[in-house]
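Quick notes on the structure that follows.
The values are calculated or read from the model by the stated rules, or taken from the named source; none is laboratory data. Since this is a predicted model, take the numbers as computed values, not measurements. Positions of Cβ are backbone-derived with ideal geometry, glycine not excepted, and every protein chain shown enters the neighbour counts.
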């Protein structure tokens, strides 16, 4: 049955979107900004993993850790240098700065590593297992499993740890959190660190699935994941998870059953329909205005 | 409700002076360029950028009406440009036999591009303007993507039997001697280049007239009132969605006109030209120029298009420098301490309250 | 209502019948009955949280009532929008001032003429003669309103730069521009000093006489309420506690108890 294998492939792609979307949504929830450079962090992560695997011949887990470490530091650095001075600035100024950072990363990568794409080594076994009549690659299963683990860890972190509850407090009301003695700047840095770390995980999965690494590879997955975050209700962690999975499934089904070329149009079309029915996304909070 | 006051503070009360200044700027720039062209002292690189600059200026003026005056973030302006561009190319292609003179055909194409983009703007505006804030922005982004992928898959041609249209390449057949207008991902090829800088300048002036005349009128006040305080605007009888729609559609129409001019400036044009990055680029012109500030928009558009060309000697590093300049401008202009210093420098007085 | 049978009494401009609203099971306003007649100044008072602003939001259709009817000018207002209600002739000010902060003081008032002196965007873009005539009329009328509210010297200021008291008066001017039959003022004297409040009282009286409109106002400043209101409705916990002339209200034991606590 084709349907089942499309569904699982959709879940696989959706898992990648979900992991990226989690980064978007956490940063939005806490810093209230659309971090357009998030997609480019993915690209950096992919390059780091690529060089760790090829040039330094590190084992796969170490390569992933290297990518996570570099992306986490990069995320925090970007936040400190570019976004923190704009805490009080209008949101459009922050958006443009994020775009500037995105250009910077893309062009920096192009200078350092040239614009031609590099083939990502296939480290994860290319084999597949059959589920009924559908065959599913190990990579897809690993992607889905990673996403589930990430989601569980993140939920536990947010709900069970002191830092997690401080994060929730910050996303509700930064001013009040500061009065309660929460170091808001620290919380924002941690949020960027986690978001960027997740982007690094996503980058390895993405680069393994489509085995090529190039300077603009992060843009489209970035936009899609951003869409997924809005889809689920931006600022909501379960929303990003569900939004990412749904987006992946819709994209694969649209490609399989309708048209490969028009699949993007269909994905964005569904987003518009969802937002018309639920103007703040699937799990987004309703905004109340006091008159 | 979070008021977006600080963003718009650059829109001051010296409106008449600003209005005159922008017209003067355009006319002086036009004369200067024409003189340089006549004396042959303008390099081919710069003269080839003249028409694109006027196109982006018009699209950015339109976007500023939407983002600065109406206060709604639009991430899909390039989508409207592409509607205008391909509509203009098709119209020009269809009329090529009946109207041989370039200028009238160009003007008709621009008008058609503007009208079709306005129609798209209206249809898109119905769902978009039901949303608010970042949700509205993402839907404009989505529409930009949808428009792009539609053009990537559109096949339009004309032959003796009339106009043909299809979304599937294999279904698309033309009679011998027929002319392909749009060829899917290849876009438009073999377009007759009829755009010129004079028409571009006229279009910029028309765009300025439209936006200023709208701004300083009943409708413009309503648009700004709806931006500043939605609830209060409704309480004085201003219908919010209709008002926002007016700004959105006008902005789309200007982008459409700009697109038509752009499309007719090149012999080939691919749909990918008008992607998300182009929308963002236009948004950057608007934000750097100052929200609601049309003169600033013109200047920032020209500077930012020329900047990468001026940095050409730096080769690979030019886009990197461009990015750094972008970030630094944002950091500096939003730094209160620096801006107070800057202002007191100009007023020539001791530092007073901002 | 009983009053309608009496032919000597005019029909009220505003007639509220058994009005109520619940927010998620919580009753904010209940069983409210009140009338406002042409040319009257009526006060709506009550302790904090009594539901006064909620009543204004119900009257202007910001909220849809759960129960009851609101008749304005003899017509049921059910199903009307905020914009419709303003067109019908109810204008309001806001407790937490809501001006168009980036517009000039004059432009703030001009927005009020949106439906009073309309012309199309095409007229504006093409600068047709109708544009110039309409704008001239709007400008004159807006300046007149600014003079009445003693704001003419601020005409070219950015609205957000005005002093607090002037901002409250500007909201009144903007509301008056919409040519209302009934003006709702939500704490017009809040944040004003005694002298400003005294001037405001004169202005409200002048506005009522000059434009021949009814005024319904929420206010905590008892000197203002008792000084200019002909009738007063007292709300407590969303219910009507008392209704009557200022003298009656001041001597009503229920009202005193509600204000001073048990």
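Assorted remarks:
- Just one of (1) under 14 Å from the mean Cα position of the chain (by Cα); (2) more than 26 Å from residue C:203 (Cα to Cα); (3) crowded, with 21+ Cβ neighbours inside 10 Å fails for residue C:70. It is (1).
- Residue match in the stretch B:286-307 (condition: surrounded by 24 or more Cβ atoms within 10 Å (Cβ to Cβ) and within 24 Å of residue B:109 (Cβ to Cβ)): yes
- Test for residue C:145: is it buried (at least 21 other Cβ atoms within 10 Å of the Cβ), more than 8 Å from chain B (Cβ to nearest Cβ) and closer than 30 Å to residue B:205 by Cβ: no
- Condition check for residue A:217 on (1) part of a helix (DSSP H, G or I); (2) more than 14 Å from chain B (Cβ to nearest Cβ): one failure, at (1).
- When residues in the stretch C:216-248 are screened for being in contact (Cβ under 8 Å) with a residue 40 or more places away in the chain and over 21 Å from the mean Cα position of the chain (by Cα), 2 of them pass.
- Scanning the stretch B:282-314 for residues that are touching a residue at least 12 places away in the same chain (Cβ under 8 Å), in a helix (DSSP H, G or I) and within 12 Å of another protein chain (Cβ to nearest Cβ) yields B:282, B:283, B:284, B:285, B:286, B:287, B:288, B:289, B:300, B:304, B:308.
Yes/no per residue for (1) within 11 Å of chain B (Cβ to nearest Cβ); (2) part of a helix (DSSP H, G or I):
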site	(1), (2)
A:222	yes, yes
A:227	yes, yes
A:239	no, yes
A:242	no, yes
A:245	no, yes
A:248	no, yes
A:251	no, yes
A:260	yes, no
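- Being in contact (Cβ under 8 Å) with a residue 24 or more places away in the chain, more than 14 Å from chain B (Cβ to nearest Cβ), under 27 Å from residue C:250 (Cα atoms) and not in a strand (DSSP E or B) is not true of residue C:43.
- Only a single criterion out of (1) more than 30 Å from residue B:339 (Cα to Cα); (2) surrounded by fewer than 17 Cβ atoms within 10 Å (Cβ to Cβ); (3) modelled with pLDDT of 90 or more is not satisfied by residue A:80, namely (1).
- Any chance residue A:95 is surrounded by fewer than 21 Cβ atoms within 10 Å (Cβ to Cβ) and farther than 19 Å from residue A:217 by Cβ: no
- Listed conditions (1) within 30 Å of residue B:254 (Cα to Cα); (2) in a helix (DSSP H, G or I); (3) under 20 Å from the mean Cα position of the chain (by Cα) are all met by residue C:84, apart from (1).
- Some residue of the stretch B:38-61 being within 14 Å of chain A (Cβ to nearest Cβ), closer than 24 Å to residue B:132 by Cβ and at pLDDT 95 or above: yes
- Qualifying residue in the stretch C:181-191 (condition: over 16 Å from the mean Cα position of the chain (by Cα), surrounded by fewer than 19 Cβ atoms within 10 Å (Cβ to Cβ) and either away from every other protein chain (no Cβ under 14 Å) or not in a helix (DSSP H, G or I) (or both)): yes
- Residue in the stretch B:65-81 that is closer than 21 Å to residue B:196 by Cβ and in a helix (DSSP H, G or I) present: yes
- For the stretch A:179-199, a tally of residues being assigned to a helix (DSSP H, G or I) and surrounded by fewer than 15 Cβ atoms within 10 Å (Cβ to Cβ) returns 3.
- You will find that of C:151, C:170, C:106, the residue that is closer than 19 Å to residue C:217 by Cα, touching a helix residue (DSSP H, G or I) at 6+ places or on another chain (Cβ under 7 Å) and more than 8 Å from chain B (Cβ to nearest Cβ) is C:170 and no other.
- The listed residue being out of contact with any helix residue (DSSP H, G or I) (no Cβ under 7 Å at 6 or more places or on another chain) and either free of Cβ contacts under 8 Å to residues at least 60 places away in the same chain or under 25 Å from residue A:3 (Cα atoms) (or both), out of A:244, A:232, A:175, A:269: A:175
- Residues (within 7 Å of chain B (Cβ to nearest Cβ), without any contact (Cβ under 8 Å) to a residue 24 or more places away in the chain and surrounded by 16 or more Cβ atoms within 10 Å (Cβ to Cβ)) located in the stretch C:109-130: C:119, C:121, C:124, C:125
- Qualifying residue in the stretch C:61-78 (condition: within 9 Å of chain B (Cβ to nearest Cβ), closer than 19 Å to residue C:171 by Cα and either in contact with a strand residue (DSSP E or B) (Cβ under 7 Å, 6 or more places away or on another chain) or assigned to a helix (DSSP H, G or I) (or both)): no
- Residue in the stretch B:10-18 that is at pLDDT 85 or above and touching a helix residue (DSSP H, G or I) at 6+ places or on another chain (Cβ under 8 Å) present: no
- Among the residues of the stretch A:37-64, just one is buried (at least 24 other Cβ atoms within 10 Å of the Cβ) and assigned to a loop (DSSP other than H, G, I, E, B), namely A:37.
- With respect to the conditions (1) touching a helix residue (DSSP H, G or I) at 6+ places or on another chain (Cβ under 6 Å); (2) farther than 22 Å from residue B:280 by Cβ; (3) facing another protein chain (nearest Cβ under 9 Å), residue B:130 falls short on a single one, namely (1).
- Single condition residue B:128 does not satisfy, out of (1) surrounded by 18 or more Cβ atoms within 10 Å (Cβ to Cβ); (2) more than 20 Å from residue A:272 (Cβ to Cβ); (3) at pLDDT below 90: (2)
- Single residue of the stretch B:152-164 satisfying the filter (over 18 Å from residue B:269 (Cα atoms), in contact with a strand residue (DSSP E or B) (Cβ under 8 Å, 6 or more places away or on another chain) and without any contact (Cβ under 8 Å) to a residue 60 or more places away in the chain) that is nearest to the other protein chains (Cβ to nearest Cβ): B:164
- The number of residues in the stretch A:99-149 being buried (at least 22 other Cβ atoms within 10 Å of the Cβ), more than 9 Å from chain B (Cβ to nearest Cβ) and closer than 30 Å to residue B:286 by Cα comes to 1.
- Residue count for the stretch A:69-98, restricted to those that are within 14 Å of another protein chain (Cβ to nearest Cβ) and within 21 Å of residue A:204 (Cβ to Cβ): 2
- Test result for residue C:97, in contact (Cβ under 8 Å) with a residue 40 or more places away in the chain, more than 12 Å from every other protein chain (Cβ to nearest Cβ) and in contact with a helix residue (DSSP H, G or I) (Cβ under 9 Å, 6 or more places away or on another chain): no
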